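For reference, the structure discussed in these notes is given below.
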Amino acid sequence: MEKKVVDYSQAFTQIAKTANANIPFKKALNSIAKTATKSMDVAGCAIMLLSSEKGYLTVLTAYGLSDMFIRKGALNAHKSLPEIMKGKIAYIADATRDKRAQYPREAEMENIRSVIGLPLTGKGEIVGEFRVYTHEPKIFSNKEKQILLYAANIISMMIEKYELSRLLEGEKRTSTVRTRRSDKLTKLPPSTLHTSNFSHPSEEKFARLLDFYRLEWLYETRSFPIGWDNGKVIEMFTPDFYLPELDLYIELTTLKQSLITEKNRKIRMLKEIYPEVNIKLLNKGDYQKMLAKYGYAPVNLNKVRGVDHVLFNHSQIQERIRTVAKQISLEYGDKQLILIGVLKGVFCFMADLMRHLNIPVTVEFMGISYYGKDPDQKVKITMDVDRNIAGCHILMVEDIVDTGMTLNYVLKHLMSYNPASLKVCTLLDKRVRRIIDVTLDYTGFEIPDEFVVGYGLDYCGEYRNLPFIGVLDPRIIE
Ligand code: PRP
């Protein structure tokens with residue numbers, strides 16, 4: 001008994017020392033996790049953060065736990081230990097049986113029994129969780145809870161301090177790039193903690209794009225065993241991103257071609273072993289094209305600015321629109337239809353499509369915000385439909401569906417108005433680049449993975465006036 005008191009006081013001192021030491025933030029947190037693990041003789045500890053939309057927990061650092069256990073998959077914060085979200089201590093006596101445990105099989109494999117979680121807070125909000133795991137079923141004494149609470153408070157303070165220092169750092173940086181024209185400070189990134197883990201800047205940019213489209217993401221949340229030797233895992237594959245809402249993994253690869261071959265092999269293995277897993281690979285080219293859409297690809301202005309070749313000429317476009325319009329007219333019959341288009345790219349297609357329909361239609365336009373350089377910004381409706389569409393038949397009209405992120409957002413928004421039906425008509429379908437599988441009811445043309453311009457579609461605002469659809473000279477976005 002006497003000995004334990006001494007041990008705990010040593011642990012308190014050690015945690016306080018670590019918090020004040022001049023060591024890198026994540027290393028300090030890991031050291032606290034280690035102190036807590038050793039002083040209480042438990043299996044391990046993990047410090048977790050709530051994800052961007054606060055639905056999931058991601059491990060920031062852990063001690064005493066295997067990589068496979070740490071990366072066992074997405075942890076839904078509300079299901080996992082709901083008490084945490086209410087700011088209370090949460091306790092699971094047996095993680096292999098408790099209904100709240102999302103990975104009982106993995107807990108069994110790691111030989112984990114009891115779990116205690118303590119909320120991490122910042123500015124009055126829950127920002128994460130400090131979680132402790134034991135090998136034996138364990139009831140935590142008040143003294144043990146006290147030291148864990150102490151550690152959780154210190155961790156919370158460290159996170160807040162870290163965020164603040166990053167904020168000040170950012171302010172210092174932006175103040176040096178203030179221009180005379182605009183004396184405003186550029187906004188700072190929201191939380192730097194989630195981004196600090198990225199192993200490549202392209203991953204961070206991709207995460208910002210997902211943030212913009214309000215798509216919740218988790219970084220490297222699950223490691224899939226893909227190779228065994230005598231029952232022992234010898235090879236694993238950890239996809240970069242997991243999008244829980246879509247149950248989709250995304251692997252970005254901006255590496256050398258030789259490394260891509262190896263990565264492709266791993267993804268092939270993963271698909272064979274886990275056929276139920278939905279994974280997409282985005283290579284450097286895909287990724288560059290995705291950013292080019294927002295004008296972020298390296299633009300070489302010295303090279304020819306123009307169209308490489310025509311994909312569909314004016315009469316091909318008109319003929320196809322006539323066919324699609326006929327199909328729509330037949331299917332809607334005498335139902336009153338509202339066409340809704342998202343500006344700007346859709347205006348040419350919308351104008352021609354409506355003129356070919358021979359059913360009663362009205363037209364609405366919407367505007368949505370554009371992905372910009374402000375990392376705080378999220379997609380929003382800048383101009384909404386200005387009539388009540390509840391109980392109406394809606395046909396959402398798009399010029400192009402590429403990743404599907406715009407359409408996914410707009411459809412969700414329109415669904416909230418309870419229309420009688422909601423269908424989609426797009427002139428162009430770049431299916432090969434899809435990230436979100438949205439249902440397209442009417443399609444003009446399926447197109448290859450090329451950057452297309454003309455007939456309303458732009459590159460950096462230009463080319464919308466071309467009467468045909470052409471492929472942009474690839475040297476422009478190389
Ligand atoms: C185009 C198009 C779609 C969106 C599709 O708009 O009009 O709304 O891209 O892309 P996604 O499937 O990858 O989300 P864009 O953002 O180029 O703006 P614009 O219509 O003003 O040209």
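The values are calculated or read from the model by the stated rules, or taken from the named source; none is laboratory data. Bear in mind the structure is a predicted one, so any value in this text is a computation, not a measurement. Don't worry about glycine lacking a Cβ; one is built from the backbone with ideal geometry, like all the others, and counts go over all protein chains shown.
Worth pointing out:
- For first residues located in the range 413-433 and under 19 Å from residue 470 (Cβ atoms) and without any contact (Cβ under 8 Å) to a residue 60 or more places away in the chain, partners that are polar (S, T, N, Q) and more than 12 Å from the ligand (Cβ to nearest atom) and lie 6+ apart or on another chain with Cβ distances below 6 Å form the pairs 426/443; 429/443.
- Filter result (within 13 Å of the ligand (Cβ to nearest atom), assigned to a loop (DSSP other than H, G, I, E, B) and touching a Gly at 6+ places or on another chain (Cβ under 9 Å)) within the range 413-439: 434, 435, 436, 437, 438
- Matching residues in the range 377-412 - criterion: being among the aliphatic types (A, V, I, L, M), touching a residue at least 60 places away in the same chain (Cβ under 8 Å) and either within 11 Å of the ligand (Cβ to nearest atom) or in a loop (DSSP other than H, G, I, E, B) (or both): 379, 405, 410
- The residue pairs whose first member lies in the range 341-370 and is over 18 Å from residue 401 (Cα atoms), whose second member is assigned to a loop (DSSP other than H, G, I, E, B) and more than 14 Å from the ligand (Cβ to nearest atom), and whose beta carbons are closer than 6 Å, counting only pairs six or more residues apart or on different chains, are 360/336; 364/385.
- Scoring residue 175 on the criteria (1) assigned to a helix (DSSP H, G or I); (2) at pLDDT 50 or above leaves a single failure, condition (2).
- Checklist (1) of a type outside the set (Val, Ile, Thr); (2) more than 16 Å from the ligand (Cβ to nearest atom); (3) at pLDDT below 90; (4) under 25 Å from residue 442 (Cα atoms) applied to residue 305, failing item: (4)
- Inside the range 394-430, residues that are in contact with a strand residue (DSSP E or B) (Cβ under 6 Å, 6 or more places away or on another chain) and under 15 Å from residue 442 (Cα atoms) make up a count of 18.
- Of all residues making up the range 278-298, the number that are surrounded by fewer than 16 Cβ atoms within 10 Å (Cβ to Cβ) and modelled with pLDDT of 90 or more: 1
- Verdict on residue 113 being of a type in the set (Lys, Arg), out of contact with any Lys or Arg (no Cβ under 6 Å at 6 or more places or on another chain) and part of a strand (DSSP E or B): no
- Restricting attention to the range 361-376 and to residues that are within 12 Å of the ligand (Cβ to nearest atom) and either modelled with pLDDT of 95 or more or assigned to a strand (DSSP E or B) (or both), the residue that is surrounded by the fewest Cβ atoms within 10 Å (Cβ to Cβ) turns out to be 367.
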